[in-house]
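Chemist: Sharing a structure here in structure tokens format.
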Amino acid sequence: SPPGTAGWSTSWSRRSGPWSPASPAGRWSWPSRPPASPTRTTTADAEGPLLTPPDPAAWGPAQRRLGADEVGRNWHQWRQQTAEVRFTDSGSGPGHPGIAHALAEAADYLTTPPPAGRVRSGPAGEDARTVRADGPGWSLVARTDDIAFLLLDDEPGEVLPVGRGKELPGLLEGLDRLARDQG
């Protein structure tokens, strides 16, 4: 596994029933339905769209970031879907190469801070914070007192849960500190 990822708890097993009708393999699809198609906005002074939203039929960085924002806004609903997921700590690190890569890059942010805005943090109630981080090809959304979810460009529309393990709490606390220092 990549350096710095040995203590992640990211394997999961199904106890009973599918996690989502669209994805019985332990993943969730986002969005459940695509947003309405954008309409062209024109004025007498400008032709063409003034502001064009991301294409809902495509998957790319914009949709991935929007998906992660949506998971963060509706944390409790997304977290409730993982009630059937049992995370195991195999000690072998993330089994999914995309998860391993994203977590390693997020951990690198603690020693080499990214540009401002790539890591954000906000209150999540009680003593917890919601942490959002983006990197090339990945978006992470997590609560400092709970698990994380990853969205990857290589896994269009999928929301991948990441268990706390031994290293995730430290990573999330570090990202939260970084976001507050940059903000």
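Chemist: Determine which member of the set ALA106, ALA58 is modelled with pLDDT under 90 and either closer than 15 Å to PRO161 by Cβ or not aromatic (Phe, Trp, Tyr) (or both). Steps first, please.
Modeler: Numbers: ALA106 fails: modelled with pLDDT under 90.
The unique qualifying residue is ALA58.
Chemist: Still on this model: Filter the range 109-122 down to residues that are within 17 Å of the chain's Cα centre (by Cα) and surrounded by fewer than 16 Cβ atoms within 10 Å (Cβ to Cβ) and give me whichever is modelled with the lowest pLDDT.
Modeler: Checked the range 109-122; the qualifying residue modelled with the lowest pLDDT is GLY117.
Chemist: I need the full set of residues from the range 164-183 which are buried (at least 17 other Cβ atoms within 10 Å of the Cβ) and more than 18 Å from HIS76 (Cβ to Cβ), in order please.
Modeler: So the first thing to find is which residues in the range 164-183 are buried (at least 17 other Cβ atoms within 10 Å of the Cβ), and the list is 164-165, 167-168, 171-172, 174-176, 178-179.
Of everything in the range 164-183, those that are buried (at least 17 other Cβ atoms within 10 Å of the Cβ) and more than 18 Å from HIS76 (Cβ to Cβ) turn out to be GLY165, GLU167, LEU168, LEU171, GLY174, LEU175, ASP176, LEU178, ALA179.
Chemist: Hey, another quick one. Can you tell me which residue among ALA142, ALA133, ALA102 is in contact with a Leu (Cβ under 8 Å, 6 or more places away or on another chain), buried (at least 17 other Cβ atoms within 10 Å of the Cβ) and closer than 18 Å to HIS76 by Cβ? Outline the logic, then answer.
Modeler: Details: ALA133 fails: closer than 18 Å to HIS76 by Cβ; ALA102 fails: closer than 18 Å to HIS76 by Cβ.
That would be ALA142, the only listed residue that is in contact with a Leu (Cβ under 8 Å, 6 or more places away or on another chain), buried (at least 17 other Cβ atoms within 10 Å of the Cβ) and closer than 18 Å to HIS76 by Cβ.
Chemist: Name every residue in the range 138-183 that is within 16 Å of PRO61 (Cα to Cα) and either in a helix (DSSP H, G or I) or free of Cβ contacts under 8 Å to residues at least 60 places away in the same chain (or both), in order of residue number.
Modeler: Hits for the range 138-183 are LEU150, ASP154.
Chemist: Another question, then. Quick check on the range 83-97. Is at least one of its residues under 13 Å from the mean Cα position of the chain (by Cα) and either among the aromatic types (Phe, Trp, Tyr) or open to solvent by 10 Å² or more (accessible area, probe 1.4 Å) (or both)? So that I can check it myself, show each step before the final result.
Modeler: Going through the range 83-97, the residues under 13 Å from the mean Cα position of the chain (by Cα) turn out to be none.
No, the range 83-97 has no match at all.
The values are calculated or read from the model by the stated rules, or taken from the named source; none is laboratory data. Since this is a predicted model, take the numbers as computed values, not measurements. All Cβ positions, even for glycine, are placed from backbone atoms using ideal geometry, and neighbour counts span all protein chains on display. Heavy atoms of the whole protein, side chains included, go into the accessibility calculation; ligands, DNA and RNA do not. Shrake-Rupley method; radii C 1.70, N 1.55, O 1.52, S 1.80 Å.
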